[in-house]
Every structure is written in C-alpha cells, then in structure tokens.
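The values are calculated or read from the model by the stated rules, or taken from the named source; none is laboratory data. Because the structure is predicted, anything quoted here is derived from the model rather than measured. Glycine gets a Cβ as well: all are built from the backbone with ideal geometry, and neighbour counts include every protein chain shown. Calculation scope for accessible area: heavy atoms of the full protein, side chains included, ligands and nucleic acids excluded. Shrake-Rupley method; radii C 1.70, N 1.55, O 1.52, S 1.80 Å.
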Amino acid sequence: MELRKAPNERQERELVRNNGGKGCLVELQSGKPGRGAVVTVHGINGSPETVEPLTANVPKDKSILSFAYDDGHTRLGDSSQQMADSLRNWAKAHPKDKLQIRAHCMGARMTVDALRKLSEQGGMPKNIQLDLVAPAAGGFAMANSAKMVPDPLARLLPNTAPGKDMGTNSKFQKQLESTQLPPQVKTRIFVGDRDSLIQPQDARFQKVAQNLNAQVRMMKGEDHMSILGAAGKSL
C-alpha cells in the first residue's frame, strides 16, 4: 500500500513516449479490491506530481492513479479520447469499484470531454464522483489566436495544439457547453476566490456547470494553485 512518488514533467514525457505517444494511467498506490480508486488529472504545464495535493486524504486501502498525457503538443480532443480509453480499461478490470476523478484546470476541461466520449462509446464506470478543481470550463479568450496556427506547426510549438481547444470560440468549447453526463456521474466544482484565471460568473462557465448539474463551492483565500492543497484536504 506504499504511496509512490508521482512522475514529474520529464518522467511523464518518458512515460507517454514509451506508450506510443498516448496518455495512460499511472498507479501511485495499490489499494484493496473493491475499495475503489482516485484518479488525478493535471492541467497545462503540469504533471502528475503537480496534482499530488489532491490525494492528501485518500485512505491507504484505496488505489491512486494519475493520468499522464502530453499536455503541451496534443489536441485536447485526442488526449480526452486517450483518457476515455484508459478509464474504459480500468472499469472493465474493476467493474464493482467506485471511481473518483479529481482534475485541475485544463485537465478538468479534458476530463469532462473524456467522460462524454465514454458515455457515447460505452464502458462508463457505474459510479463516478467527479471533482473539478479550478476548471477551465469557460475557456480563455487569449487562446483564440491559436486556431490561426496550422496544425503541423501547432504540434511543434509548446501549448499551441491544446490551445486550439482552449479558446472561448473553439469547437471544443461549444461541445463542452452542450455536454450532459449520465446520472451515475456526480459533479462538484471547486473555485478559489483569489483565482485570477477562472471566472465562475462567466456565462460559458455557468452553462457548463449547469449542464453538469454541478455543486459549486467557492474556497476563500485560494488562488489557482493553492486550491489544490485546500481541495485535497476537504475531499
């Protein structure tokens, strides 16, 4: 039951490279059968190590996994499909286990799309607690210019390929705003009142939250990164 150190960015790149360039689940703690698992998902310019605080209170008898993926050079739609495939395989191997997903920023945005795809394609776990921490649900206007970069070049420039799916007027944003997940997915959203990046009053953010039937919790004194520790202690 020993907790393994989560991969940093360099180690994550190696994991993805060894997996044929595709994202994959990395086991950090092996729990007891039937006790369920917690999966963390980091945001842009992060790694599984970045979101370690989200598992601060996970019991030793539960499994802890983290989704390792290429957050700098891969479109979010491709990464979300890779995540959906990984979760489907996990659910097949653990049909009775409850799954908790704790995702941060861009990782939260991607996770919602992964669960949408799972719902449409089949293989959705039967019981999911989805916790979105400082989710980039409304997108970022600054990312709208990324769509002007040709795809071959975007894959070479750091953050540009995923940036194409982060814009407020992107096709990904429109899909996100229309996403509704099945009843077995219970969603909570955590936002810090000092987070200058996430705007929970934004109409796009609110539309996503409403369609997910999410409970929104404002955490006082927390910014975009400090909320990881605060949310981890409260979960």
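Summed over the stretch 116-169, residues that are assigned to a loop (DSSP other than H, G, I, E, B), within 22 Å of Asn211 (Cβ to Cβ) and of a type in the set (Val, Ile, Thr) total 1. Only one entry in Leu76, Leu54 is over 20 Å from Thr160 (Cα atoms), in contact with a helix residue (DSSP H, G or I) (Cβ under 7 Å, 6 or more places away or on another chain) and not acidic (Asp, Glu), namely Leu54.
A search for C-beta distances below 6 Å between a residue of the stretch 121-138 that is among the hydroxyl-bearing types (Ser, Thr, Tyr) and open to solvent by 10 Å² or more (accessible area, probe 1.4 Å) and any residue that is modelled with pLDDT of 95 or more and not in a loop (DSSP other than H, G, I, E, B), counting only pairs 6+ apart in sequence or on different chains, returns nothing. Against the list (1) at positive phi; (2) modelled with pLDDT under 95, the condition Arg35 fails is (1). Where strands (runs of 3 or more DSSP E) fall wholly inside the stretch 13-111, the ranges with 1 or more residues that are in contact with a Gly (Cβ under 8 Å, 6 or more places away or on another chain) are 37-41, 63-68, 99-104. The condition (being touching a helix residue (DSSP H, G or I) at 6+ places or on another chain (Cβ under 8 Å), without any contact (Cβ under 8 Å) to a residue 40 or more places away in the chain and either surrounded by 14 or more Cβ atoms within 10 Å (Cβ to Cβ) or on the phi < 0 side of the Ramachandran plot (or both)) is satisfied by just one residue among Asn144, Asn169: Asn169. Filtering the stretch 180-203 to residues that are out of contact with any strand residue (DSSP E or B) (no Cβ under 8 Å at 6 or more places or on another chain) and surrounded by 17 or more Cβ atoms within 10 Å (Cβ to Cβ) leaves only Asp195. Across the stretch 68-105, what is the number of residues that are acidic (Asp, Glu) and under 22 Å from Leu235 (Cα atoms)? Of the residues in the stretch 68-105, 1 are acidic (Asp, Glu) and under 22 Å from Leu235 (Cα atoms). Taken as a whole, the stretch 20-29 holds at least one residue that is over 18 Å from His104 (Cβ atoms), without any contact (Cβ under 8 Å) to a residue 40 or more places away in the chain, more than 14 Å from the chain's Cα centre (by Cα) and surrounded by fewer than 19 Cβ atoms within 10 Å (Cβ to Cβ). Before we move on, is Leu65 more than 21 Å from Gly232 (Cα to Cα), at pLDDT 95 or above and surrounded by 22 or more Cβ atoms within 10 Å (Cβ to Cβ)? It is false that Leu65 is more than 21 Å from Gly232 (Cα to Cα), at pLDDT 95 or above and surrounded by 22 or more Cβ atoms within 10 Å (Cβ to Cβ).
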